[in-house]
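The values are calculated or read from the model by the stated rules, or taken from the named source; none is laboratory data. Since the model is a prediction, treat every value here as computed from it, not as a measurement. Note: ideal-geometry Cβ built from the backbone for every residue, glycine included; neighbour counts use all protein chains shown.
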Amino acid sequence: MKRALFLLLAGYLTVYSDILVVVSKDSMVETLDKHTVQRIFLNKTRSFPNGERAEAIEGVPSELKQDFYRLVADKSKTQLRSYWAKQVFTGKGKPPKQMNSDDLVIYIAQNPDAISYISVEQLSDSLKVVFKLKQ
């Protein structure tokens, strides 16, 4: 019984862990606020507050992506799909490039312009956390 309860709680804690917005440890960016993160990932700005270029990258569609956009932009999966369809149709922008999780962490670590969001479990010494979303 205790084991079953522990496994249930462990699963609950994993599902509701923080989402980290990260850049390369070599990036000059130290911290960002929610509004700036939202603007970068919705393609409303292409630079960090310090003027350096910002390239938003995201993992392949997952629950993490849904949670990220719900928390940072208050958009559901359907609203996000509609937003990007309109942006692409009007020529105003395109969604962030997508990569699988392993390639994403390597790419972010090697590119100081890149920014992404990851789960706590994906964090490595080659990345710097610039914003944390609490679920």
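Screening the range 105-130 for residues that are under 19 Å from Arg46 (Cβ atoms) and within 12 Å of the chain's Cα centre (by Cα) and picking the one that is surrounded by the fewest Cβ atoms within 10 Å (Cβ to Cβ) gives Val130.
The set of residues in the range 34-63 that are surrounded by 18 or more Cβ atoms within 10 Å (Cβ to Cβ), of a type in the set (A, V, I, L, M) and not in a strand (DSSP E or B) comprises Val37, Ile40, Leu42, Ala54.
Thr31 - would you say it is more than 18 Å from Gln135 (Cα to Cα), free of Cβ contacts under 8 Å to residues at least 60 places away in the same chain, among the β-branched types (Val, Ile, Thr) and not in a helix (DSSP H, G or I)?
For Thr31, the condition - more than 18 Å from Gln135 (Cα to Cα), free of Cβ contacts under 8 Å to residues at least 60 places away in the same chain, among the β-branched types (Val, Ile, Thr) and not in a helix (DSSP H, G or I) - is not met.
Cβ-Cβ under 7 Å, sequence separation 6+ or interchain: first residue in the range 77-98 and modelled with pLDDT of 95 or more, partner in a loop (DSSP other than H, G, I, E, B) and of a type in the set (D, E, K, R). Which pairs? Matching pairs, first to second residue: Tyr83/Lys75; Gln87/Lys94; Val88/Lys94.
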